[in-house]
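For reference, the structure discussed in these notes is given below.
Read-outs: derived from the displayed coordinates by stated rules, not from any lab. Every value quoted in this text rests on a predicted model; they were computed, and no experiment measured them. For neighbour counting, all protein chains shown are included, and Cβ atoms are generated from backbone atoms with ideal geometry for every residue, glycine included.
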Amino acid sequence: MKTIRTGMMTLAALAVLGTNVVSATSEPVKELSVNVNGEHIEQAAIFDKGTDDAVTVVDEESDVAPVRTGTITTLNKSEDGRVSFQLNGYETGIILHVDKDTKITTADGKELKPEDLKLGMEVEATHQKFMAMSMPPQSGAVTIMVKSSLETPEVLGTAGKVVSIDKDQEGTYKMVVEGRALTENAPEKVALIINEDTKIVSAKDNKTLTPEDLKADMNVFAYYGPKLTRSLPPIGVAEKIVVE
């Protein structure tokens, strides 16, 4: 059995290299079972229909990939209790699937449950070394440490393009975002006031940005509280903005 080094390979290529791929498909699947160097590894994976079948071996010596730090940009909680989330957006991020073996804690070591995860949280996560190369790639979360949360207990979110960004005479910025609602009660189009408490970060490198960095047509994930005006679009106060 040959050793696979870091890099993306199609499942056909894995077979040529002597890797025993037990189950893989472009349709959604529950488990991807791979045997590398005699080691049998089960990897929960979901392949997007229509994408190439592929996996990435992150590190041939370790079962855990390097630490990833960033923001929970989307969060999915299914009716059967399964939880998955997107870390750092679509273009440069990853989808991590949480299971019963995933260890979730706060920065001071307090244990959390999957249902405690919320949009906008800054987390530090490790994942299994095999990734399903959908867009974005997907893997199983091994550990998740929550570094910080948004202040509002009920976070709403809208992901989409910046329609406009304006600054009034008092220096206050207002950004209009239109796209898709990330939570049940969130609007698809919302106007958000950006104040001194609004945190703005880059999805690519988690670098802190300023309101001056926001431009029309940028793709953003915007998070805010449930207090919105009855205007069209509704107006709220941005707590966090993640820029792709």
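Expressed in Å, the radius of gyration and Dmax of the Cα atoms of the range 90-244 are 16.4, 53. Counting only Cα atoms, the size of the range 68-148 along its three principal axes is 33, 26, 23 Å, in decreasing order. Residues Ile104, Ile241 in ascending order of nearby Cβ atoms (within 10 Å, fewest first): Ile104, Ile241.
3J(HN,Hα) along the range 85-102: 8, 9, 9, 6, x, 8, 6, 10, x, 8, 9, 10, 9, 9, 10, 5, 8, 5 Hz, from the Karplus curve 6.51 cos²θ - 1.76 cosθ + 1.60 with θ = phi - 60°, whole Hz, x for Gly and Pro. If the segment from Lys215 to Thr183 were pulled out straight at 0.36 nm per residue, it would be longer than the present Cα-Cα gap by 9.1 nm. Taking the DSSP beta bridges in the range 68-148 as the whole, what percent of them are antiparallel, to the nearest 5? In the range 68-148, approximately 75 percent of DSSP beta bridges are antiparallel ones.
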